[in-house]
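Just so it is clear, none of the values below were taken in a lab; they were calculated from the coordinates. Just so it is clear, the model here is predicted, and its values are computed rather than measured. For neighbour counting, all protein chains shown are included, and Cβ atoms are generated from backbone atoms with ideal geometry for every residue, glycine included.
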Amino acid sequence: MAVRDADGEWEIVQARDVTLVAPDVFDLRMLLRGLQGTETEAVQVAGSTVVRLDDALSRLDMDPNERGASLVFVAPTPGMPVSDVNAAVVDAVFADVWARPFAPVHVRGARAAAGDVAIRWTPRTRLGGDAWQGEPASGEAVAAWRTEFLDGAGAVRRVISSEIPEAIYPAADQIADFGALPAELAVRVRQVSSRYGPGRGRDSLVRL
C-alpha cells in the first residue's frame, strides 16, 4: 500500500498480517516500510491517506521532460469520455520518482597511513537487483556516484565523483577543507542517474 504523509509525500509499505478488527478498521503487523526508495518519507500521522497497490493500478507512461511540470489528470468512468462532468480531475506535479536512484547503504571509511581516507558503500538498485551473486547492477547505462563531505553546519566542503562505489579523499584536501586531518567525517553519498540526476542521499558520520 501507499501511505501519504502530512507533507504530501508517499511511503510504500507491505504488511504480512492484516486483521479486520472493526468495520473498515484493520490491524497491520509485521510491516516492511520504506519500500522502493521511499524510506526518507517513512513518517506517518493519524488520518493519513492509504491506497492499496494492486493489479487495478497501472503506471502512466510519462516523458522525462515532463518532470516538474504541473499537469491535469482526468479519470472518467470506464467507457465515458474525458469530458464527462463526473470525471475525477486531479492537478499534480510529475516528480519522476520512478527514475530516482535509491540511497546506498553501509557507508564506511578507513584512513591510510599517509592520511588519505577511502569511503566505501554498498549500492542499492531499482532495476536488476534481485540476483544473489555479486554486486547488484547499477540500474543505469553508466555507473556514477557523488560523495559530499560536509562541515559541522551541514555545508558541503568538497564533492568527489567516482564510477565505482568508493571515493578517495586525499589528506591534502582534508587539511585544506578542515585545517587538519579530521577524526570523523560527515558524508553524503548519492548515485547519479543520467535521466534523474543525483538520487537519494545516504548521510553517515564516519569515525576514523
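The longest part of the chain holding none of the exposed loop trypsin sites (Lys or Arg not before Pro), meaning those outside H, G, I, E and B in DSSP with at most 14 other Cβ atoms within 10 Å, is 60-194. The residues packed around residue 178, meaning those with a beta-carbon under 9 Å from its beta-carbon, carry a net charge of -1 if Lys and Arg are +1 and Asp and Glu are -1.
Reducing the stretch 149-180 and the stretch 27-84 to their Cα centroids gives an inter-centroid distance of 38 Å.
Gyration tensor over the Cα atoms of the chain: the corresponding equivalent ellipsoid has semi-axes (square roots of 5 times the eigenvalues, largest first) of 40, 21, 17 Å. Approximating the spin labels as points 7 Å out from Cα along Cα→Cβ, the residue 173-to-residue 159 distance works out to 1.3 nm. Taking amide H as placed 1.01 Å from N in the peptide plane, residue 105 has its amide H under 5 Å from the amide H of 122, 124, each at least 5 places away in sequence or on another chain.
Amide H contacts under 5 Å for residue 158: 149, restricted to partners 5 or more places along the chain or on a different chain, H placed in the peptide plane at 1.01 Å from N.
The chymotrypsin sites (Phe, Trp or Tyr not before Pro) of the stretch 102-203 meeting both criteria, a DSSP state outside H, G, I, E and B (loop) and at most 12 other C-beta atoms within 10 angstrom of the site's C-beta, are 132.
Restricting the calculation to alpha carbons of the stretch 1-104 gives Rg and Dmax of 16.3, 46 angstrom. The equivalent ellipsoid of the stretch 105-207 has semi-axes of 26, 14, 11 Å, largest first, where each one is the square root of 5 times an eigenvalue of the Cα gyration tensor.
Helical content alone sets the calculated 222 nm signal of the chain at -1000 deg cm²/dmol, taking -39,500 (n - 2.57) per DSSP H segment of four or more residues and averaging over every residue.
Principal axis extents of the Cα atoms in the stretch 1-57, from largest to smallest and rounded to whole angstrom, are 30, 24, 23.
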